[in-house]
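Asker: Could you have a look at this structure, given as structure tokens, before my questions?
The values are calculated or read from the model by the stated rules, or taken from the named source; none is laboratory data. Everything numeric in this text was worked out from a predicted model, so none of it was measured. Methodologically, a virtual Cβ is constructed for each residue, glycine included, from the backbone with ideal geometry; neighbour enumeration extends over all protein chains shown.
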Amino acid sequence: MEEIHRQRIKRLQHNMAEQGVDVFLILTGEDYFYFTGDVRRQPRAIILRDGEPVLLTFASEVEEAREATGLSEIIPYRGLHEMMQAIMALFKSLEVEKPKVAIEMEFATPAFLLDRFKMANPQVEVVDAKALVSPLRRVKSAEEVALIRKAAELADLGIQRAREVIRPGISELDVATEVEYTLKKNGADRLGFPMFVNSGRRSLWLHGTATRKLIETGDLILVDIGPVYQGYNADICRTFSVGEPSKEARRLYSLYREMQKVALETARPGIALHKVEAQIEEVLEESGYQDYYLRGFIHGVGLSFEETPFPTIFPEDVLMPLEAGMTLAVGHPTLSVPGIGGVRMEDTVHLTEEGIEVLTSAPREEVIVI
């Protein structure tokens, strides 16, 4: 195991001791990678308050996991029942009457797995691992920022490729396929989320995927891409127009650009997210478009394409002071006006003591006209 992972585990164990947590049961790929450096399709690891981590892997993967992590304590299993038995046996060995077990309760832990774990282990107290892990992951090391910077370069390349292939008559799905192929050929592991290519009326959508819809002259198109490089995500969105956009669409885009500018100028270490949102709200109220905006302009980005701070899912995050070392996506929601369309620009940034370093650099001053 590399020293960086040992240090992360030490910091985690310090948090566990402070919060009275006996065991951290890892079930998500992001945390498994963060603490072990290993990538596995069904990651399972146990970190005790003291000592070395214990991995649980399919019996056929033991040697590979040992080579990848350098850990000696690996428990093989051949099915869910065996895995649960191994976990229960480990809990009994702790000789703690009611062990407090932290589990990630965000998006990636399947509800059925959490329910079965609780059924199989009624003697344990289950708590959310967010308070343990979030303080570690939300501030990035220089090495992590370098990987996110590389992912951001790939994001820029993706926008460039989208610009090259978008034309009347091509499907959204074909645009996404061309972009994803280019990104993977240039070093991307994968995409952090299915790429958005939302054209025409679908530009009003906050989320979406590429469909078989054919792009038409006059369409506004939102292209949102999340390349992953060596485990780390970047996030970018740009607005395209096939043919000259209407004056109203240009005006709407200029408003969004002003919203992002205000966010980038306001976000500083020590400033809580709700204060950034308040400044954006002022711009919107002056424009009269406040009813066409979904709140949540900023979210964290790193091993997950959406992570803490993430106020649209965790409202308490609006109170979180920003910290130097955070990497953020700025420009998350769509400004959607029926009859005009939806516009958006999103960039990945690094928050430093001096302010914001914007990592993505694809053109953003105007709607990209095809």
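Asker: Name the residue that is surrounded by the fewest Cβ atoms within 10 Å (Cβ to Cβ), counting only residues in the range 1-45 that are free of Cβ contacts under 8 Å to residues at least 60 places away in the same chain and among the β-branched types (Val, Ile, Thr).
Answerer: Among residues in the range 1-45 that are free of Cβ contacts under 8 Å to residues at least 60 places away in the same chain and among the β-branched types (Val, Ile, Thr), the one surrounded by the fewest Cβ atoms within 10 Å (Cβ to Cβ) is ILE9.
Asker: Assuming PHE91 fulfils every condition listed in (1) farther than 28 Å from SER304 by Cα; (2) surrounded by fewer than 16 Cβ atoms within 10 Å (Cβ to Cβ); (3) not charged (D, E, K, R) apart from one, which condition is it?
Answerer: Going through (1) farther than 28 Å from SER304 by Cα; (2) surrounded by fewer than 16 Cβ atoms within 10 Å (Cβ to Cβ); (3) not charged (D, E, K, R) one by one, PHE91 breaks only (2).
Asker: Okay, moving on. Anything in the range 1-27 that is assigned to a loop (DSSP other than H, G, I, E, B), modelled with pLDDT of 90 or more and not charged (D, E, K, R)? List them, or say none.
Answerer: Within the range 1-27, the first condition is being assigned to a loop (DSSP other than H, G, I, E, B), and the residues that meet it are 1-2, 20-22, 27.
Retained after the next criterion (residues that are modelled with pLDDT of 90 or more): 20-22.
Hits for the range 1-27 are GLY20, VAL21.
Asker: Now a separate question. From the list LEU154, LEU173, LEU147, exactly one residue is modelled with pLDDT of 95 or more, assigned by TED's automatic domain parsing to the domain that holds GLY208 and either in contact with a helix residue (DSSP H, G or I) (Cβ under 6 Å, 6 or more places away or on another chain) or assigned to a loop (DSSP other than H, G, I, E, B) (or both). Which is it? Explain how you work it out, then say what you get.
Answerer: Details: LEU173 fails: either in contact with a helix residue (DSSP H, G or I) (Cβ under 6 Å, 6 or more places away or on another chain) or assigned to a loop (DSSP other than H, G, I, E, B) (or both); LEU147 fails: either in contact with a helix residue (DSSP H, G or I) (Cβ under 6 Å, 6 or more places away or on another chain) or assigned to a loop (DSSP other than H, G, I, E, B) (or both).
One residue alone meets the criteria, LEU154.
Asker: Restricting the search to the range 354-370, which residues are touching a Gly at 6+ places or on another chain (Cβ under 9 Å) and at pLDDT 95 or above?
Answerer: ALA362
Asker: So which of TYR293, TYR229, TYR256 ends up being buried (at least 19 other Cβ atoms within 10 Å of the Cβ), touching a Lys or Arg at 6+ places or on another chain (Cβ under 6 Å) and either hydroxyl-bearing (Ser, Thr, Tyr) or modelled with pLDDT under 95 (or both)? Don't jump to the end; show me each part of the working.
Answerer: Working: TYR293 fails: touching a Lys or Arg at 6+ places or on another chain (Cβ under 6 Å); TYR256 fails: touching a Lys or Arg at 6+ places or on another chain (Cβ under 6 Å).
Exactly one of TYR293, TYR229, TYR256 is buried (at least 19 other Cβ atoms within 10 Å of the Cβ), touching a Lys or Arg at 6+ places or on another chain (Cβ under 6 Å) and either hydroxyl-bearing (Ser, Thr, Tyr) or modelled with pLDDT under 95 (or both), namely TYR229.
Asker: In the range 232-279, how many are free of Cβ contacts under 8 Å to residues at least 60 places away in the same chain, hydrophobic (A, V, I, L, M, F, W, C) and assigned to a loop (DSSP other than H, G, I, E, B)?
Answerer: 1
Asker: OK, next. Of the residues ASP347, ASP317, which single one is in the same structural domain as ALA272 (by TED's automatic domain parsing), in contact with a strand residue (DSSP E or B) (Cβ under 9 Å, 6 or more places away or on another chain), assigned to a strand (DSSP E or B) and crowded, with 19+ Cβ neighbours inside 10 Å? Step through it out loud before you land on a result.
Answerer: Details: ASP317 fails: assigned to a strand (DSSP E or B).
ASP347 is the lone residue from the list that is in the same structural domain as ALA272 (by TED's automatic domain parsing), in contact with a strand residue (DSSP E or B) (Cβ under 9 Å, 6 or more places away or on another chain), assigned to a strand (DSSP E or B) and crowded, with 19+ Cβ neighbours inside 10 Å.
Asker: Take the range 287-308 and flag every residue that is assigned to a loop (DSSP other than H, G, I, E, B) and closer than 13 Å to LYS140 by Cβ. Talk me through it step by step, then tell me what you get.
Answerer: Residues of the range 287-308 assigned to a loop (DSSP other than H, G, I, E, B): 288-289, 294-297, 301-306, 308.
Residues satisfying the conditions are VAL301, GLY302, LEU303, SER304, THR308.
Asker: Applying the selection to the range 321-332, what residues are out of contact with any helix residue (DSSP H, G or I) (no Cβ under 8 Å at 6 or more places or on another chain) and surrounded by fewer than 19 Cβ atoms within 10 Å (Cβ to Cβ)?
Answerer: First, the residues of the range 321-332 that are out of contact with any helix residue (DSSP H, G or I) (no Cβ under 8 Å at 6 or more places or on another chain): 321, 323-324, 326, 328-329, 332.
Hits for the range 321-332 are PRO321, GLU323, ALA324.
Asker: Taking the criterion of being closer than 20 Å to VAL126 by Cβ and either out of contact with any helix residue (DSSP H, G or I) (no Cβ under 9 Å at 6 or more places or on another chain) or modelled with pLDDT under 90 (or both), would at least one residue in the range 53-63 satisfy it? Show your work before the answer.
Answerer: Of all residues in the range 53-63, those closer than 20 Å to VAL126 by Cβ come to 53-54, 56.
Now restrict to residues that are either out of contact with any helix residue (DSSP H, G or I) (no Cβ under 9 Å at 6 or more places or on another chain) or modelled with pLDDT under 90 (or both): none.
No, the range 53-63 has no match at all.
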